[in-house]
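Encoded as structure tokens, the structure appears first; notes follow it.
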Amino acid sequence: MVAHLDESFSYAQKRADSGVQHLLLGGELDLETPALAELTAAAAALAIGAKRKALLPLATAAIEYALVRRGDSVLVSCYGTASAPVVYQLDRAVPLRLLLDTCAQSMLEMAGQELDPTARQIAIRVAERAMATKIAPDPEGLVAPMNQRGGELDAPGEHVPLAFGYEAAVYPSSSSSQGRSTRADVHALLFEGHLWAFVRGRRLSLVRGPIMLAAHRMVVAVRTLI
């Protein structure tokens, strides 16, 4: 009997995780998702404007999710946090109301199979709080990225054997997080851009996308060589 109940709860948890996983990742990636209660709390904090960005690291793998408020949606990114970060997904737009309702429904599904009365009641309260959460206007409105260019923008001439240049679109830090000391934020380095190189006067495009990851790989390669 106990084994049957455990199996039923495991099925309910997998079903709940599946719904959240499809919403966060679009069904194209088979990756673990953050703890449901933690995700629900983060979504609620973003909805009421208490936070503009939430970082949710997984407990079982070197993977982290970043949720960033953009109007009535959140941009969901998923990436590895090992020494050589890997981007699995960057800035997938998810309606905030849909995220809250999906989390609430998943919490109720898990609560229905929870054996511990206290844990079941907590899950129900978290779900009810999520469903009752009103989405406040985005406190910072539409934020435009700052366009930056640097390095060699024009060919330096054949006398320079190797040179690099870049352009990038970097979003300013949230006013709510300025002045605070926080742990390393890999997501802050995943801004989009274009990195190029001049090899004896000839311009070569190296990467379009998160240029800091490409720069990091080049540094690691040079360190290995020397």
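Here are some notes:
- Residues being under 24 Å from the mean Cα position of the chain (by Cα), at pLDDT 75 or above and small (Gly, Ala, Ser) - total across region 138-174: 3
- Restricting attention to region 207-226 and to residues that are free of Cβ contacts under 8 Å to residues at least 60 places away in the same chain and farther than 18 Å from LEU90 by Cβ, the residue that is surrounded by the most Cβ atoms within 10 Å (Cβ to Cβ) turns out to be MET218.
- Filter result for ALA136 (surrounded by fewer than 17 Cβ atoms within 10 Å (Cβ to Cβ), among the aliphatic types (A, V, I, L, M), touching a helix residue (DSSP H, G or I) at 6+ places or on another chain (Cβ under 8 Å) and farther than 30 Å from LEU206 by Cα): yes
- Pairs, first in a helix (DSSP H, G or I) in region 100-121, second surrounded by 14 or more Cβ atoms within 10 Å (Cβ to Cβ) and of a type in the set (Phe, Trp, Tyr), C-beta under 9 Å, six or more apart: MET110/PHE9
- Filter pass, ALA82 being outside the structural domain of VAL170 (by TED's automatic domain parsing), small (Gly, Ala, Ser) and either out of contact with any strand residue (DSSP E or B) (no Cβ under 8 Å at 6 or more places or on another chain) or not in a strand (DSSP E or B) (or both): yes
The values are calculated or read from the model by the stated rules, or taken from the named source; none is laboratory data. Owing to the predicted nature of the structure, the values given are computational and were not obtained by experimental measurement. A quick note on method: Cβ atoms are made from the backbone with ideal geometry, for glycine too, and the neighbour counts reach across all protein chains shown.
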